[in-house]
Amino acid sequence: MNLEFNKNEDEYKQLVSQLKNKLKKVKLGGGEKKIEAQHAKGKLTARERIDYLVDDPKDFVEVGAFVGDGMYAEQGGCPSGGVVMGIGHVQGRQCVVVANDATVKAGAWFPITAKKNLRAQEIAMENRLPIIYLVDSAGVYLPMQNEIFPDKEHFGRQFRNNAKMSSMGIVQVAAIMGSCVAGGAYLPIMSDEAMIVDKTGSIFLAGSYLVKAAIGETIDNETLGGATTHCEISGVTDNKYDTDQDCLEAIKKIFDKIGDFDKAGFNREEPKKPKLDEKEIYGLLPVDRVKPYEMRDIIKRMTDDSEFEEYKADYGQSIICGYGRVDGWAVGIVANQRKVVKTKKGEMQMGGVIYSDSADKSARFIMNCNQRKIPLVFLHDVSGFMVGSKSEHGGIIKDGAKMVNAMANSVVPKFTFILGNSYGAGNYAMCGKAYDPRLIYAWPTSQLAVMSGASASKTLLQIKISAMKAKGQEVSEEDQKKFLAEITDKYNEELSPYYAASRLWVDGVIDPLETRKIISSGIEAANHAPIEKPFNVGVIQT
């Protein structure tokens, strides 16, 4: 291996190490003292509950681990948005699991918590997956109620989704394993089955303090809404259990008896490992976002047997399209080529840029995958579409529109991974978050923004200087340097994959070696939802 490979490998391993350290911290939730307090009450933590419930914790694909990262500092932070969520197997049945983390502000709902819970329901609805709610929450975080309560994508949307999912025949099972207060009380009771843990679980529209304030009644929370009350008097909950473990075992018994599901019918063969060493991705992918590399080298370390059948290899070379398998599943891959390429006419094309010919090729390839019922995988390292008079006169906008149209109207499931840059309209054309990928994850080398940090910082500096000069203020060269440094630092922070993950623009930041597992789990989930809508792109620009 050459010196460049070794340098890349060292730098990438450092990024992966930072990722793992951040994850380790996130998994502590509200901290070790809060975890001890949960245990002292005889309760498991959210993550312990999930580990106990699922068949294999290593098989669990977490969604939104970094949600809330760096947010709500004045409120003391909200690790993982105060809720743990992902896709796993219970008694062999794939499902979504959502567990409130009572170590984080007693499981209270911040604005980002609502967004994450709605994402869990979206995954269940898109893929028709059963969903399990492990409820342990103090309800809405009142100081921020105006940001979580009334709007369409706020707290109330989850109960609307409960009703819609029920009508779709999606199995919903809820376990009340701690507090379940106010509007949040509707979630478990709108599920198919609501179980409760004795002495630690409670459910009511208003707690004892609020009851006293509202109607003057004095009553304790256990008598008001404990397990005995709701299983023996009100009939609100179905069964009570002595411990968290007993309750989780009961959920397993429910899942052990669920009937089979209708399948979409995506093609799968016996899974094979890549022939080429997956770990070599660390050395092949430069941490420096400007440096070129061969995207095929990355693809062949992700596909089964390192096989990849390329589509129109000599045309539209700045995007690579082709067929392969991931963990046995057939996939169509659309990936940005980061090398400089040369067309047959002798024109040099920059890596990571979408040109008219590559957009045209991609649109056709995406349509072919829909015709053949093959899921799509998008690998981003894109700076955007080519600009300038030559591209504009050549119709880059209509060719780009064709690619966006084909991708946006796809009926096969789409999965997106941001390896490097993901800027501007390039993010859109390559199936960014706005285009409904079933799952979207970022590698530690990724950057998401409307444009690169250098371009944006200089543009923002010019705007600032112009505004100051308009007010008659002089701007020295020293001031300009200071302003540029401040603007660059802020913009670079917003480029970070962790910034995107904290706001759920991506489902998480992952080690590249987890990519195959996520694609496989994602297609397995998508196979639960037969394609009912015909593929129709509408008006295609020609």
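The values are calculated or read from the model by the stated rules, or taken from the named source; none is laboratory data. If you're wondering where the values come from, they're calculated on a predicted model, not measured in any experiment. Ideal geometry is used to build each Cβ from the backbone, glycine not excepted, and the neighbour counts take in all protein chains shown. For the accessible areas, the whole protein counts, side chains as well, though only heavy atoms, and no ligand, DNA or RNA atoms are used. Shrake-Rupley method; radii C 1.70, N 1.55, O 1.52, S 1.80 Å.
In the range 1-75, what percent of the accessible surface is made up of carbon and sulfur (1.4 Å probe, ligands and nucleic acids excluded)? Could you put the intermediate results ahead of the total?
Working: 2280 of 4510 Å².
It is 51 percent, rounded to a whole number.
Can you tell me the dipole magnitude for the chain around its Cα centre, using point charges on the Cβ only (Lys, Arg +1; Asp, Glu -1), in Debye to the nearest 20? Display every interim value, and only then the final one.
On the way: 69 positive and 71 negative charges, 278 e Å.
With Lys and Arg at +1 and Asp and Glu at -1, about 1340 debye.
Give the separation of the Cα centroids, the range 6-24 to the range 332-390, in Å.
About 29 Å separates the Cα centre of the range 6-24 from the one of the range 332-390.
Can you give the relative contact order of the range 76-218 as a percent, counting alpha carbon pairs under 8 Å and 6+ residues apart? Each step should come with its number before you reach the end.
Values: 272 pairs, mean separation 27.6, N = 143.
Relative contact order for the range 76-218 comes out at 19 percent.
State in Å² the accessible area per residue of the chain; use a 1.4 Å probe, count heavy atoms of protein chains only, and round to the nearest integer.
Details: 24120 Å² over 542 residues.
It amounts to 44 Å² per residue over the chain.
Give the relative contact order (percent, whole number) for the chain; include only Cα pairs under 8 Å separated by 6+ residues. All intermediate terms of the calculation are to be shown ahead of the outcome.
Numbers: 1111 pairs, mean separation 69.7, N = 542.
The normalised contact order for the chain reaches 13 percent.
Looking at the range 315-409, send over the antiparallel percent of its DSSP beta bridges, to the nearest 5.
Working: 10 of 16 bridges.
DSSP beta bridges in the range 315-409 are roughly 60 percent antiparallel.
Pairs of alpha-carbon atoms within less than 8 angstrom and 6+ residues apart define the contacts here; what relative contact order does the range 265-372 have, in percent?
Values: 199 pairs, mean separation 26.6, N = 108.
About 25 percent, as a whole number.
Can you tell me how much longer the chain between Tyr209 and Glu474 gets when fully stretched, taken as 0.36 nm per residue apart minus their C-alpha distance, in nm with one decimal? Don't skip to the answer; put the middle values down first.
Details: separation 265, 0.36 × 265 = 95.40 nm, distance 6.02 nm.
Length gained, Tyr209 through Glu474: 89.4 nm.
Could you pull out every one of the aspartates and glutamates with an alpha carbon less than 17 Å from that of Lys481, ignoring same-chain neighbours closer than 8 positions?
Asp489
For the chain, what does -39500 (n - 2.57) per DSSP helix run (n ≥ 4), summed and divided by total residues, give at 222 nm, in deg cm²/dmol to the nearest 500?
On the way: 19 runs with 203 residues, N = 542.
About -11000 deg cm²/dmol.
Where does the Debye-calculated log10 I(q)/I(0) of the range 54-178 sit at q = 0.10, 0.13 Å⁻¹, using only Cα point scatterers of equal weight, no solvent?
Summing over Cα pairs of the range 54-178 leads to -0.29, -0.50.
Roughly how many percent of the accessible protein surface of the range 316-445 is carbon and sulfur, given a 1.4 Å probe and a whole-percent answer? Please list the in-between numbers first.
Numbers: 2130 of 4050 Å².
Taking all protein chains in place, the range 316-445 shows 53 percent carbon and sulfur surface.
Using a 10 Å cut-off on Cβ atoms, rank the peptides 8-14, 352-358, 323-329 from the highest mean neighbour count down.
Details: 8-14: 17.0, 352-358: 24.1, 323-329: 20.7.
My ranking of the peptides, most packed first, is 352-358, 323-329, 8-14.
With both bridge residues required to lie in the chain, what share of the DSSP beta bridges run antiparallel, to the nearest 5%? Spell out each step's value before the answer.
Working: 25 of 66 bridges.
Antiparallel: roughly 40 percent of the beta bridges in the chain.
Leaving out ligands, DNA and RNA, what percent of the accessible area of the range 456-542 is carbon and sulfur, probe 1.4 Å? Spell out each step's value before the answer.
Numbers: 2490 of 4760 Å².
Here carbon and sulfur together make up 52 percent of the probe-accessible area.
Taking the highest mean first, how do the peptides 101-109, 44-52 order by number of other beta carbon atoms within 10 angstrom per residue? Before the final figure, lay out each step's value.
On the way: 101-109: 25.6, 44-52: 21.7.
Final packing ranking: 101-109, 44-52.
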